[in-house]
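The block underneath contains the structure these notes are about, expressed in structure tokens.
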């Protein structure tokens, strides 16, 4: 039976679980830290 | 006259400009790098 | 003059976000009388902008309530600075007369962090013969930062370490 | 049995995302015959998952086209792993019979990065007397990473440094 507040049902994992998700996020974390060292250029008129 | 592809109109700055946005993002960037050193705990059954 | 859906959507975005700055008290005029809205909970962010990772939202129904809400938080609404990054739209409803809009972007206030958000609107034509639309639905949702590492805690061991 | 809107939404989310895994060929059965869809462009991501920061989307109209699309990309669809973080919903349309749903979450494939997304659905009741709904609209949009520093480049000086 679901909770009366739908947001208490989250995070909801589909076709995965917390363990697998945590592993994927750890890999992403390192990619992001590398990315954080780079620069995005915005062209202004 | 707008572009035929609406997504060419973005980024669209409202009540700000690229310069002010870049300054706000630089501040956020440092907050995020600090945050990246911390850990989020997910409880599993 | 007949406007394309894309032109209506682009014009709407400019009117909506510009009015937040220029005339937040009249922002509610863009909504239908029975509109539903899930918007920034300005009350909760008023005094602790730097302490929060994700901005909470508040739910309202009806133009009158929406009007009171925007008027009450006029300063915070008009101080809002927005960068719109993308906009997708589709037709919906009977005869595809309504317009579904999905916007993503980043917003901030003077001195605050930058928050990522996605916002969904539905526009309904007011009359058959022209290009006037009301907002019937408006949902804003903030995207949590995902910069933290994740560690799993097994439930039976009790609480997460502090 | 009369279900609350919240129960319908929660059941819908489970059916929708579970069917992506278990039976992507039948996912299109959840859509109305004239549905509009903006979905993951599986063709573009097929061979370069690690190279992209943001996943592109493709636009389709009609259940038949949607069916062909999901069947063509059956492997990528069924391999998809999803973490739903939030769900907001409102009623919309004539007599507020339709349901607008805004979902945020993260998704990944085996070995891929994790991508943040927001997805918007509109559900329409199929018949007056029961709780069967079709999807009339489905927009998925990926949230770009904002981890980079920003530098401004004045247009007249030419291109950004490489």
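Key figures
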| quantity | calculated |
| --- | --- |
| Residues located in the range C:89-114, provided they are out of contact with any helix residue (DSSP H, G or I) (no Cβ under 7 Å at 6 or more places or on another chain), within 13 Å of chain B (Cβ to nearest Cβ) and surrounded by fewer than 20 Cβ atoms within 10 Å (Cβ to Cβ) | C:111 |
| Counted residues, the range D:111-128 - those being within 26 Å of residue D:64 (Cα to Cα) and part of a strand (DSSP E or B) | 9 |
| Filtered residues of the range C:90-103 (kept if without any contact (Cβ under 8 Å) to a residue 24 or more places away in the chain and under 13 Å from the mean Cα position of the chain (by Cα)) | C:102 |
| So residue D:121, is it at pLDDT below 95 and closer than 23 Å to residue D:27 by Cα | no |
| Criterion: facing another protein chain (nearest Cβ under 7 Å), surrounded by 13 or more Cβ atoms within 10 Å (Cβ to Cβ) and over 16 Å from the mean Cα position of the chain (by Cα) - qualifying residue of A:28, A:16, A:43, A:38 | A:43 |
| Filtered residues of the range D:129-162 (kept if modelled with pLDDT under 75 and part of a loop (DSSP other than H, G, I, E, B)) | D:129, D:130, D:158, D:159, D:160, D:161, D:162 |
| Meets criteria (farther than 27 Å from residue C:143 by Cα and either in contact with a helix residue (DSSP H, G or I) (Cβ under 9 Å, 6 or more places away or on another chain) or in a loop (DSSP other than H, G, I, E, B) (or both)) for residue D:12 | no |
| Tally, over the range D:15-32, of residues that are at pLDDT 95 or above and not in a helix (DSSP H, G or I) | 2 |
| Among (1) touching a residue at least 12 places away in the same chain (Cβ under 8 Å); (2) crowded, with 21+ Cβ neighbours inside 10 Å; (3) part of a strand (DSSP E or B); (4) within 14 Å of chain B (Cβ to nearest Cβ) - the single one residue C:37 does not satisfy | (4) |
| Residues located in the range D:42-68, provided they are surrounded by fewer than 18 Cβ atoms within 10 Å (Cβ to Cβ), at pLDDT below 90 and touching a strand residue (DSSP E or B) at 6+ places or on another chain (Cβ under 7 Å) | D:54 |
| Residue A:22 vs. criteria surrounded by 15 or more Cβ atoms within 10 Å (Cβ to Cβ), out of contact with any helix residue (DSSP H, G or I) (no Cβ under 7 Å at 6 or more places or on another chain), at pLDDT 85 or above and more than 7 Å from chain D (Cβ to nearest Cβ) | yes |
| Number of the condition not met by residue A:9 [criteria: (1) closer than 23 Å to residue D:107 by Cβ; (2) at the interface with chain D (Cβ under 7 Å from one of its Cβ atoms); (3) in contact with a strand residue (DSSP E or B) (Cβ under 6 Å, 6 or more places away or on another chain)] | (3) |
| When residues of the range D:115-133 are limited to those that are within 14 Å of chain C (Cβ to nearest Cβ) and more than 15 Å from the chain's Cα centre (by Cα), the one surrounded by the most Cβ atoms within 10 Å (Cβ to Cβ) | D:133 |
| Selection count where residues are farther than 17 Å from residue D:37 by Cα and part of a strand (DSSP E or B), scope the range C:70-110 | 10 |
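The values are calculated or read from the model by the stated rules, or taken from the named source; none is laboratory data. All figures in this text were calculated on a predicted structure; none of them were measured in a lab. Reconstructed Cβ throughout: ideal geometry from the backbone, glycine too, with neighbour counts over all protein chains shown.
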